[in-house]
Amino acid sequence: MNRVRVGIIGAGSAGLLHALSYSQIHEKAQLVAVCDVNEVTAMGLAKTYKAEKVYTDYKKMLEQKDLDAVSICLPHFLHAEVTEAAAKAGKHVFCEKPMATTLKDCDRMINAAKKAGVKLMIAENHRWTPAHIAMKEALDQGKIGEVILARTYEVVDERTNMGNPSLWKGTADRAGGGSLMDQGVHKAAMLRWFCGDVKSVYCWTSQQMIKLPNKAEDTAMMFLKFDKGAIADLFLSFAPIAYFNNSFELYGTHGTILEDHAWTDPVRIFSIRPGKDSYRWITPKVEHQPHPGYYRISFRLEAEHFMDCILHDAKPDLSGEDGKAAVEVALLGYYSAKAGKEIRRGEVQLP
Ligand SMILES: NC(=O)c1ccc[n+]([C@@H]2O[C@H](COP(=O)([O-])OP(=O)(O)OC[C@H]3O[C@@H](n4cnc5c(N)ncnc54)[C@H](O)[C@@H]3O)[C@@H](O)[C@H]2O)c1
């Protein structure tokens, strides 16, 4: 195989970004099929990106023999069912975050991929955001020593989607929660990458703007402790009337890393390690564009990584187990918010 033949299931906002990514790496991937329960939506995406086939039933799409892999870009509660079916049909699975809404479903997905011998990667685009990669490289080079404190923010104005009672976004049953499950898994995945495994969490969830009975929290705040000693705070919200705000602060024993998606050069590193860059702010050059450019960049890079894994039979850098660990942090947060106390990982039974 020198080009992966891919299908997209779910032609909404994420499906569109997956299609765009495949078109940008056309030497490695070819979009051949699109599926959406809404036929007009599926046809629109297929036409724009020249996919040959359109389906409204994903099971029919999975019968297509010359299809190697699928992008699953569906509401969260469908990720496990469709991953299982895709794996059983022998298709490699590239599934959007959050991996699923329960740990049980994450395990179903991991086991299905293992049993079928197909690759499974969770589309955690923050892992491929070049600014985050530059932060991880600086950490691995010891520039700031051991992380002792971390702060991270994600604010996206989702009042329209959250305020639509019939839309799945932010519902407990179809999304598995609100901002914590949706945005929180991004941050949980990155914090784990930077600081190691989580030891305990203390969380608040709140409906600050959207107070519909079938919607979960539009805002979550969480404190985390890590096995290696770092502590962190996490601020997530779909409520504010604000432009996209996405940032990180990492404070270490030998320096600081600041990151903000809104900056032209999104990463600033300060280190007291001896060397020519000691005691001054350094801004590494990374591929970056203002919103929505940084989404397109990270989606392209993660899709390219997964295509490379399929073409060269390599293990994806972000596994099913990594996706599950991020979901676990969100579920621990919900448990803590309900119990009103700090919860240690492993202390309670999560769904
Ligand atoms: N990484 C990111 O930054 C990012 C951004 C947006 C969305 N996402 C994730 O992508 C996923 C999809 O989110 P979205 O914003 O694209 O949602 P969306 O509502 O825009 O699109 C979902 C699409 O799935 C279709 N659909 C629903 N049930 C279906 C079924 N049974 N079979 C086929 N199609 C079906 C809907 O008609 C809709 O077009 C979610 O997991 C979300 O968290 C990730």
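Just so you know, all these numbers are worked out from the coordinates, no wet-lab data involved. Here the structure is a predicted model, which means the values were calculated and not measured. Note that we place each Cβ from the backbone using ideal geometry, even for glycine, and neighbour counts take in every protein chain shown.
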Q.
Could you list ASP227, ASP107 so that the one with the fewest beta carbons within 10 Å of its beta carbon is first and the one with the most is last?
A. ASP227, ASP107
Q. Which whole-Hz ³J(HN,Hα) couplings does the stretch 106-123 yield from phi under the Karplus relation 6.51 cos²θ - 1.76 cosθ + 1.60, θ = phi - 60°, glycine and proline marked x?
A. 4, 5, 4, 5, 4, 5, 4, 5, 4, 4, 7, x, 10, 7, 10, 10, 8, 7
Q: Report the longest stretch of the chain that contains none of the trypsin sites (Lys or Arg not before Pro) sitting in a DSSP loop with at most 13 other Cβ atoms within 10 Å.
A: 66-210
(Q) What is the angle, in °, between the Cα long axis of helix 39-48 and the longest principal axis of the Cα atoms in the chain? Nearest 10 is fine, range 0 to 90. (A) 80
Q. Which length gain, in nm to one decimal place, applies between ALA339 and PHE223 when the Cα-Cα distance is subtracted from 0.36 nm times their residue separation?
A. 40.3 nm
Q. For the chain, what does -39500 (n - 2.57) per DSSP helix run (n ≥ 4), summed and divided by total residues, give at 222 nm, in deg cm²/dmol to the nearest 500?
A. -10500 deg cm²/dmol
Q | Acute angle (nearest 10 degrees) that the helix 320-339 long axis makes with the longest principal axis of the chain, alpha-carbon atoms | A | 60
**Q.** Principal axis dimensions, the chain - Cα atoms, whole angstrom, descending
**A.** 57, 49, 40
Q | Residues ASP317 and LYS285, FRET efficiency given R0 of 30 Å [Cβ-Cβ distance, rounded to 0.05] | A | 0.85
**Q.** Between 0 and 90°, nearest 10: helix 293-311 axis offset from the chain longest Cα axis
**A.** 60
Q. Build a GNM of the chain with springs between Cα atoms under 10 Å: which of CYS195, CYS309, CYS73 gets the top mean-square fluctuation?
A. CYS309
Q) In Å, what Rg and Dmax follow from the Cα atoms of the stretch 204-334? A) 18.5, 57
Q) What's log10 of I(q)/I(0) for the stretch 30-183 at q = 0.09 Å⁻¹, Debye sum over Cα points only, no solvent? A) -0.38
Q | Filter on LYS199/LYS324; LYS143/LYS225; LYS28/LYS104; LYS136/LYS315 - keep pairs with C-alpha separation over 27 Å | A | LYS28/LYS104
Q. Among the GluC sites (Glu not before Pro) within the stretch 236-334, which fall in a DSSP loop and have no more than 16 other Cβ atoms within 10 Å of their own Cβ?
A. GLU287
Q: Calculate how many DSSP beta bridges within the chain are antiparallel, expressed in % of all such bridges and rounded to the nearest 5.
A: 60
Q: Determine the sum of side-chain charges near TRP168: Lys and Arg each +1, Asp and Glu each -1, restricted to other residues whose C-beta is under 11 angstrom from that of TRP168.
A: +1
Q. In sequence order, what are the phi-derived ³J(HN,Hα) couplings for the stretch 81-92 according to the Karplus relation 6.51 cos²θ - 1.76 cosθ + 1.60 with θ = phi - 60°, rounded to whole Hz, with x for glycine and proline?
A. 4, 6, 4, 4, 5, 5, 4, 4, 7, x, 9, 5
(Q) In whole Hz and in residue order, list the ³J(HN,Hα) couplings for the stretch 200-212 that follow from phi through the Karplus curve 6.51 cos²θ - 1.76 cosθ + 1.60, θ = phi - 60°; x for Gly and Pro. (A) 7, 9, 10, 9, 10, 10, 7, 9, 7, 10, 9, 10, 6
